[in-house]
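Please treat every number below as a calculation from the coordinates, not as lab data. Since this is a predicted model, take the numbers as computed values, not measurements. Because the Cβ atoms are built from the backbone with ideal geometry, glycine has one as well, and the counts that use them run over all protein chains shown.
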Amino acid sequence: MKGNKFENPQSDQGQQFEAESREDLIRRIEILEAVNKKLAEKNELLEKLATKDPLTGAYNRRGFEEEISHIIPEAQLDNNERNERRSKTNSSMLMLDIDNFKSVNDTFGHAVGDHALQELAHRLSQQLRGYDFAERYGGDEFTVLLPQSSKGGALALAERLRHVIDSDPF
């Protein structure tokens with residue numbers, strides 16, 4: 001190294017290039033950090049778009065499958081481990097749909113049908129615990145996974161949901 005210059009050992013002609021100043025390096029690092037932050041935000045948005053239903057905000061099939069694989073990993077356990085785990089925890093699942101949904105769309109239009117789906121998803125989310133999750137299974141069908149919930153707990157939630165939806169039609 002001579003002064004502020006480096007010799008490029010790969011060059012047959014002994015080409016030289018000047019070292020960047022410390023300020024230039026700091027500026028480039030700051031730019032890279034800002035770009036990395038934006039990239040992380042965009043990746044988070046892509047993950048949300050890939051796993052959430054854009055109309056209702058509920059999980060879509062892909063998101064549901066990812067979540068359920070974390071909650072119910074029993075397919076990877078041998079029979080003894082599976083039986084031991086079953087005795088310690090319960091999980092339940094609800095399936096629901098909107099009665100006569102096709103006639104809502106046919107009579108009032110898809111905008112009203114979309115509003116009904118959004119309202120159902122909103123009411124579902126208000127009734128769930130932080131670790132429960134709902135999925136828009138398809139059309140007007142939803143599933144709700146209830147980790148650490150017994151059959152009785154699932155039935156109680158189903159009745160509460162029925163009451164919340166039935167008491168204030170949308």
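Quick rundown of the values:
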| read-out | value |
| --- | --- |
| Radius 12 Å from Cβ of Pro54, net charge of other residues (Lys, Arg +1; Asp, Glu -1) | +1 |
| Cα gyration tensor category, rounded, prolate or oblate, for the range 81-170 with a/c compared to 1.5 | prolate |
